[in-house]
Each structure stands twice: as C-alpha cells, then as structure tokens.
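The values are calculated or read from the model by the stated rules, or taken from the named source; none is laboratory data. Values in this document were obtained by computation on a predicted structure and should not be read as measured data. A quick note on method: Cβ atoms are made from the backbone with ideal geometry, for glycine too, and the neighbour counts reach across all protein chains shown. When the accessible area is computed, the model is the full protein with side chains, heavy atoms only, and any ligands, DNA or RNA have been set aside. Shrake-Rupley method; radii C 1.70, N 1.55, O 1.52, S 1.80 Å.
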Amino acid sequence: MTDFCKRLPPPPFKIKVIEPIKMITRQERKMILENASYNIFNIPAEKVFIDLLTDSGTSAMSDYQWAGIMLGDEAYAQCKNFFNLEKIVQEITGYKYVIPTHQGRAAENLICYALDLNETKMVISNQFFDTTLANIETSGAKTRELVISEAFNTSINLDFKGNMNIQLLENIIRKNNNVAMILLTITNNTGGGQPVSMHNISEVSKIAKKHKIPFFFDAARFAENSYFIKLREKNYENFKPREIAKKMFSYADGCLMSAKKDGLVNIGGFIGLNNEELARKIKERMVVVEGFPTYGGLAGRDLEALARGLLEVLEEDYLSYRYQQLQYLGKGLEHKNVPILIPIGGHSVNIDVRKFLPHIPQSEFPGWSLTLVLYELYGIRAVEIGSVMFAHKQEDGTWRFPPLDLVRLALPRRVYSQEHLNYIIDSIGELYENRDKIKGIKMIYDPGILRHFTAKFQPII
Ligand code: F0G
C-alpha cells in the first residue's frame, strides 16, 4: 500500500452499476504488446487493468443521465432532446446557435470549412489539441501556438500555465493580416491540462475584437477551467462554477466542444456561436457530413444524456472531488519522487519523461517506452504526449522534437476509486526505482499525420 497517507474525501456519488476489470499475467501482456506492434492504441481494452489512456468518452454517466437515455426521441428532425440540449447550452454559454456534432473533431472540421480556411490564412491558439491541429493543417492554413513560455518548463508552478502570451499575440496579428481565428483551449490539454485565467481570456477577447478576428474556445474542459478560476483567481472565490463559465463564454464569439470530456458523456459534441452567417454555413455543411442539424451525428438519447451531463459537470461538489482526485494522484507520485509537471492539471497528471528517463534520447522515444513498460509490468495504460505524437520529420530527413516529453495519466470522470489511485501511485513509484532498466524503442512504421494512432515499433534490445 502507498505510504502517501492523505485521504480523499468520500466521493459525492455511490455505485449502482459496476464494470469488472481483470488483471492478466505479465507474460500475457508481453505477448499482447508484441501483437500490438508495441502501440498501446492497439491493445484490446479488456486486457488493460487501469485505463488512463484518456479522459475522453470514458466518464461514468449518472442514473439521471441513463434515465435520459430512455427519453431519447429518435425523430430525424427537430427531436425534443435537441431542444433540451439547445436550451441548456444557451443558458450555460449564452450563445444563440447550438449545433450538435458527434464529437469534437467534427466541430473542428466544420468551423474550418465555415471560415474558408486555406493556405493564405492563419489560426492562433495557446496550444492546439492534435486533431485540431490536423484539421487546420489539412485545410492548408498556417498555425501558431502562443502559450506563455513557462508552459514548457515542467517545474515552474504557475496558477494559469495555459495562458496565451498577449504581447506575442498582438505582435503576430499586427504583422499578419490573415488571422482567421483565435482558438483558446481551456484547459490546455497539450500543456498538461493547465487552465487559462479569466483575465487572460478577457485580454485575448479585447485584441480579437480590436482586430475583428473570430475568437472561439476549444471548450472540451470548460468546467474544470471554471473551477480553477474559482480556486485560483482573485475575486472569483464566491462565484459558482456555472457563473464563471458563463462569464468566460461571454468573452468569445463561440465554442467548439468535445462533450466526451466535460459533457460527461461517452460520445457527443457541439458548436455554440452567435454569428448567424457562420451558423448557416455550418448547418449547410452538416447535412452533407454529420446529419441533420438538430442531431449532428448523434442519437436523440445521446443529446439528452449530454444535456443532463452539462448540468452535472458544473456542480461544485463534483468539481471539487475531481480536483482532489487529481491532486491526490499527483501528490502521491511526487511523494515517490516521480518527476511530474506542476502544477497538477485538471484532467491528468503528466510525468516529465526527460527527467524520468534521462538516459533515453528523444530519437528513441522515451515517453513511448515508458507507456509500454507501464502496461507490461502493471497493466496500466497511459498515453505519450511527446516525441512520437509531436515530432516533425524535416526536409533533410532529420527529426525536430517537441520541447516537452510527457506521459499523460488521464483520469476518467467518476470511474476510479482511491484504491485504484493507490495502485497507480505504487506501481509508478516502483517503476521509478527501476528506471535504469528501461530501454528505448525504434519506430518501424511512420504514417505521418496523427502517427501515434497507427505507428509501429520494435524494442531496442
Ligand atoms: N480538443 C481538445 C482540447 C481535446 O482534448 C480533444 C480530444 C479534442 C478537441 C477532440 O475531441 O476526441 O471528441 O474529437 N482529446 C482526447 C484526449 C482524444 O485524449 O485528450 P474529440
């Protein structure tokens, strides 16, 4: 058992349905890895003991949400669940037009289309998520990431490490008159689930307005961002998370939402916005690629579960418990001397791989290696956010590696208990003690774009 003794408060829910998980043998896991071409995305989920691959689509829904599933109105057009969802999103965000999509990346694709992105345009973010980047780059548009430089130093403890560098934003917009959108990711997943402050949001908003540039949120984790503002930003301690969310949204022209995170659902997304012309373009395209605009690739029941999830995710006792679970996991690992990115993020704890495995060069993908041993030895699946995911092969054939190599332990919502967290802490603590034995890995197939999903590897013996 872990000797990290701070206890979590009891969760603000009790268990009604369980899903068994099974620990198989190390030998079996070794075989599975070989068959999976050493890519953890190829491992059958049934063979994973604790799955920290993602917090996306992995939430446990409440009885209220499951009850909503039974109320699905499966009419092709204008189903009643759409109107429930529309009303709730309008109330939370203040945006007039609500367009459901089957998940976040569909929303990304649609906005790229509606903004007519092409080679002559540029999109700016604090940091993009990988599918967002892929959607924009596929349109031909250029991208710039302007998160504050402290975000790349894993040991600087800053309250709002997801903030945009405002000075740089202003300079770049002055030099380039082709900025088609500013997309602020809240919280910044790529940087370790770090929040953006209300102040920073308001500054970005001012600049966007001044230069008449559409300003959107990538709002996948908007509720967690709201809670961080409540905890950390002056004058917000007495606000409800829902009030903070409303204020945040009021600064932007709209949002793209992967509801698989802070929608507390297993599938779903939406676009919220005020601009009538953009909404019209999106809806027209929707019919071709996603479905009729009132269901957007989802069933009526999914829309209902999402509407209800959006209400639950803003409840303070839920957010407080979620925050404390993440703190517990992160502090437990720190207690075992495991190097992690600080401060601890809203949905994930991120291992600083270069400090964990300084003996493995980036060209041998240390983060990827770490995820493989974590699975082989302990049955835990985590995800590399580093050299495999973000390296670029340059024209001369050499690699350009990203500034950070992280292994993300993403915590599904309302799924794991303190005992599970103890198991994770103890396992990674033990692995850290034996880190010298871990070796690098060789990539033998590189598909290029979004390579982490399908790349193949071989251990370096
Ligand atoms: N934006 C952010 C910030 C995300 O984290 C994700 C997904 C998306 C957009 C895309 O949404 O998956 O619904 O199409 N992130 C997941 C993750 C996959 O594991 O972080 P989607």
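Among the residues of segment 201-217, is there at least one that is of a type in the set (A, V, I, L, M, F, W, C) and within 20 Å of Leu409 (Cα to Cα)? Steps first, please.
Within segment 201-217, the first condition is being of a type in the set (A, V, I, L, M, F, W, C), and the residues that meet it are 201, 204, 207-208, 213, 215-217.
Applying the additional criterion that residues be within 20 Å of Leu409 (Cα to Cα) yields none.
Checking segment 201-217: not a single residue is of a type in the set (A, V, I, L, M, F, W, C) and within 20 Å of Leu409 (Cα to Cα).
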>> Quick check on my filter: what residues within segment 135-189 are part of a helix (DSSP H, G or I) and among the hydrophobic types (A, V, I, L, M, F, W, C)?
In response: Ile136, Ala151, Phe152, Ile166, Leu168, Leu169, Ile172, Ile173
>> Looking for something within 16 Å of the ligand (Cβ to nearest atom) and within 27 Å of the chain's Cα centre (by Cα) - is there at least one such residue anywhere in segment 28-40?
In response: yes
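Residue-wise test of (1) touching a Leu at 6+ places or on another chain (Cβ under 7 Å); (2) within 21 Å of Asp55 (Cβ to Cβ).
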| position | (1), (2) |
| --- | --- |
| Asp317 | no, yes |
| His335 | no, no |
| His347 | yes, yes |
| Pro366 | yes, no |
| Leu377 | yes, no |
| Val383 | yes, yes |
>> Can you pull out every residue in segment 397-443 that is assigned to a loop (DSSP other than H, G, I, E, B), surrounded by 14 or more Cβ atoms within 10 Å (Cβ to Cβ) and not acidic (Asp, Glu)?
In response: Phe401, Pro402, Leu404, Leu411, Pro412, Arg413, Arg414, Val415, Tyr416, Ile438, Lys439, Gly440
> Can Glu364 be described as touching a residue at least 24 places away in the same chain (Cβ under 8 Å) and among the charged types (D, E, K, R)?
Replying inline: yes
>> Test of understanding: among Leu357, Leu310, Leu341, Leu374, which residue is buried (at least 23 other Cβ atoms within 10 Å of the Cβ), within 18 Å of the chain's Cα centre (by Cα), in contact (Cβ under 8 Å) with a residue 24 or more places away in the chain and more than 30 Å from Gln90 (Cβ to Cβ)?
In response: Leu341
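Give the number of residues within segment 246-285 that are basic (Lys, Arg) and in contact with a His (Cβ under 8 Å, 6 or more places away or on another chain). Walk me through how you get there before you give the answer.
Filtering segment 246-285 for residues basic (Lys, Arg) gives 246-247, 260-261, 280-281, 283, 285.
Filter once more, so that each one left must be in contact with a His (Cβ under 8 Å, 6 or more places away or on another chain): 261.
So the answer is 1.
Here's the yes/no breakdown for (1) charged (D, E, K, R); (2) in contact (Cβ under 8 Å) with a residue 24 or more places away in the chain:
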{"site": "Gly57", "(1), (2)": "no, yes"}
{"site": "Ala60", "(1), (2)": "no, yes"}
{"site": "Ala67", "(1), (2)": "no, no"}
{"site": "Asp73", "(1), (2)": "yes, yes"}
{"site": "Cys79", "(1), (2)": "no, yes"}
{"site": "Leu85", "(1), (2)": "no, yes"}
{"site": "Thr93", "(1), (2)": "no, yes"}
{"site": "Tyr97", "(1), (2)": "no, yes"}
{"site": "Gln103", "(1), (2)": "no, yes"}
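Looking only at segment 91-101, which residues are touching a Phe, Trp or Tyr at 6+ places or on another chain (Cβ under 9 Å) and either within 16 Å of the ligand (Cβ to nearest atom) or assigned to a helix (DSSP H, G or I) (or both)? Give the derivation first.
So the first thing to find is which residues in segment 91-101 are touching a Phe, Trp or Tyr at 6+ places or on another chain (Cβ under 9 Å), and the list is 92-95, 98-101.
The answer is Ile92, Thr93, Ile99, Pro100, Thr101.
Given the criteria within 16 Å of the ligand (Cβ to nearest atom) and surrounded by fewer than 18 Cβ atoms within 10 Å (Cβ to Cβ), does Gly57 qualify?
Values: within 16 Å of the ligand (Cβ to nearest atom): yes; surrounded by fewer than 18 Cβ atoms within 10 Å (Cβ to Cβ): yes.
When the stated conditions are applied, Gly57 passes them.
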> Can you tell me which residues in segment 17-46 are crowded, with 18+ Cβ neighbours inside 10 Å and among the basic types (Lys, Arg)?
Replying inline: Arg29
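Yes/no matrix, rows are residues, columns are (1) more than 16 Å from the ligand (Cβ to nearest atom); (2) under 17 Å from the mean Cα position of the chain (by Cα); (3) surrounded by fewer than 20 Cβ atoms within 10 Å (Cβ to Cβ); (4) not assigned by TED's automatic domain parsing to the domain that holds Leu264:
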site	(1), (2), (3), (4)
Arg105	no, yes, yes, no
Glu108	no, yes, no, no
Ile111	no, no, no, no
Ile124	no, no, no, no
Ala151	no, yes, no, no
Leu183	no, yes, no, no
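Is it true that Glu74 is acidic (Asp, Glu), part of a loop (DSSP other than H, G, I, E, B), modelled with pLDDT of 95 or more and open to solvent by 60 Å² or more (accessible area, probe 1.4 Å)? Explain how you work it out, then say what you get.
On the way: acidic (Asp, Glu): yes; part of a loop (DSSP other than H, G, I, E, B): yes; modelled with pLDDT of 95 or more: yes; open to solvent by 60 Å² or more (accessible area, probe 1.4 Å): yes.
Judged against the criteria, Glu74 is a match.
Quick one: how many residues across segment 185-214 are at negative phi and either outside the structural domain of Asn157 (by TED's automatic domain parsing) or away from the ligand (no atom under 16 Å from the Cβ) (or both)? It would help to see each step written out before you state the result.
Step one: filter segment 185-214 for residues at negative phi, giving 185-191, 194-211, 213-214.
Adding the requirement that they be either outside the structural domain of Asn157 (by TED's automatic domain parsing) or away from the ligand (no atom under 16 Å from the Cβ) (or both) leaves 197-200, 202-211, 213-214.
Count: 16.
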